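Below: one structure, written as structure tokens.
The values are calculated or read from the model by the stated rules, or taken from the named source; none is laboratory data. Since the model is a prediction, treat every value here as computed from it, not as a measurement. Every residue, glycine as well, gets a Cβ built from its backbone with ideal geometry; the counts of neighbours run over all protein chains shown. To get the accessible areas, we keep the full protein, side chains included, count just its heavy atoms, and leave off ligands, DNA and RNA. Shrake-Rupley method; radii C 1.70, N 1.55, O 1.52, S 1.80 Å.
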Amino acid sequence: MWPMLFGLACCAIEMMAAQAANYDMSRFGMELMRASPRQSDLMIVAGRVSRKMAPIVRQLYDQMPDPKWVIAMGDCASCGGVFNNYAILQGVDEIVPVDVYVAGCPPRPEALIHGVMTLHEKVRGEKITTWA
Amino acid sequence: MNAHLQSVVKFLIDNFQAQDKEYQGQITVIVAPEHLVNALTRLRDEFDFSMLELQTAVDYWPQTSPRFHVVYQVNSFANNTQLRIRVPLDGNAPVIPTIEGVFANANWHEREIWDMFGIRFEGHSDPRRILMPEDWAGHPLRKDYPLGYEEVQFSFNFDEISLRKPKPGK
């Protein structure tokens, strides 16, 4: 499962840490992060999504080919986090359907890897007819 | 204040009917909007204030009557002095001339002030919103703009808020 290289804010640093040598995500099959949405299956929304960025996030999600999954990483992507105001989207699930929410501000790399493992469990239970 | 700044303040008071204030060593001069461009041009040319350090606005509604103050801070490297200039404006759709011709970096500062406060800058070359999306209505940093927060979903109101939440389809 290849994630899309899509970090927005501070959670992106933890996502980079999860991908780097110490908490290696390539052990779990995510050897590389694809910069292009056309070639990725997983969008880890890492960071706060502002109202100006929301149509762009939706456009990138639409450009991903099926099957695709979304992990909302961190508090800001899950529910708006500490930013309860007019400028920040209160949770990225207002615009894209999310499969796994990872809590934390920012979540530790181990928490993100746990979220990825949870997603793998979910995918194992899915049938091909979900996407066909 | 040093001699350079004293001469600058005296110049502004004599020519532009300014009022000056001092607070902890920092000088603020209050100028009317019609004298603004002229004063800043002469400050830049004659007194060597080469840099516009910041340009912001403050909303004092409802406490003080000229509701908005547009604040400029100009900086002189040669003399190592800073001078703050405030322009009081009133009303819901205030207009002030642009200083983009005097200091080029005022372009984005004025776009931000238009976006956040709704203060029009006449003569600005690119009056677009810079922080909010282009089709946003309202000016967020005004004091009468609602906070725009979402009600927090605790366990006692979980179901009511879940019914109201948007549910995107897969």
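Quick notes
- Where B:Thr81 falls short, out of the listed (1) touching a Leu at 6+ places or on another chain (Cβ under 6 Å); (2) away from chain A (no Cβ under 13 Å); (3) modelled with pLDDT of 90 or more: (3)
- Looking only at the stretch B:61-80, and only at residues there that are surrounded by fewer than 19 Cβ atoms within 10 Å (Cβ to Cβ) and in contact (Cβ under 8 Å) with a residue 60 or more places away in the chain, the one that is farthest from the chain's Cα centre (by Cα): B:Asn79
- Each residue in the stretch B:1-42 was checked for being assigned to a helix (DSSP H, G or I), modelled with pLDDT of 90 or more and hydrophobic (A, V, I, L, M, F, W, C), and 4 of them qualify.
- Residues in the stretch A:81-122 that are part of a loop (DSSP other than H, G, I, E, B), small (Gly, Ala, Ser) and in contact (Cβ under 8 Å) with a residue 24 or more places away in the chain: A:Gly81, A:Ala87, A:Ala103, A:Gly104.
- The one condition in (1) in contact (Cβ under 8 Å) with a residue 40 or more places away in the chain; (2) part of a loop (DSSP other than H, G, I, E, B); (3) open to solvent by less than 60 Å² (accessible area, probe 1.4 Å); (4) within 12 Å of chain A (Cβ to nearest Cβ) that B:Val102 fails to fulfil: (4)
- Test: residue in the stretch B:73-93 that is within 30 Å of B:Pro133 (Cβ to Cβ) and of a type in the set (D, E, K, R): yes
- Annotation: of all residues in the stretch B:112-144 being free of Cβ contacts under 8 Å to residues at least 12 places away in the same chain and more than 8 Å from chain A (Cβ to nearest Cβ), the one that is least open to solvent (accessible area, probe 1.4 Å) is B:Gly138.
- Test: A:Val96 is crowded, with 19+ Cβ neighbours inside 10 Å, within 14 Å of chain B (Cβ to nearest Cβ) and under 26 Å from B:Arg128 (Cβ atoms): no
- Each residue in the stretch A:60-80 was checked for being more than 12 Å from every other protein chain (Cβ to nearest Cβ) and either buried (at least 21 other Cβ atoms within 10 Å of the Cβ) or part of a loop (DSSP other than H, G, I, E, B) (or both), and 9 pass.
- Extreme residue, nearest to A:Leu5 (Cα to Cα), among residues of the stretch A:25-59 that are outside any helix (DSSP H, G or I) and open to solvent by 80 Å² or more (accessible area, probe 1.4 Å): A:Glu31
- Some residue of the stretch B:148-168 being open to solvent by 40 Å² or more (accessible area, probe 1.4 Å), within 14 Å of chain A (Cβ to nearest Cβ) and within 17 Å of the chain's Cα centre (by Cα): no
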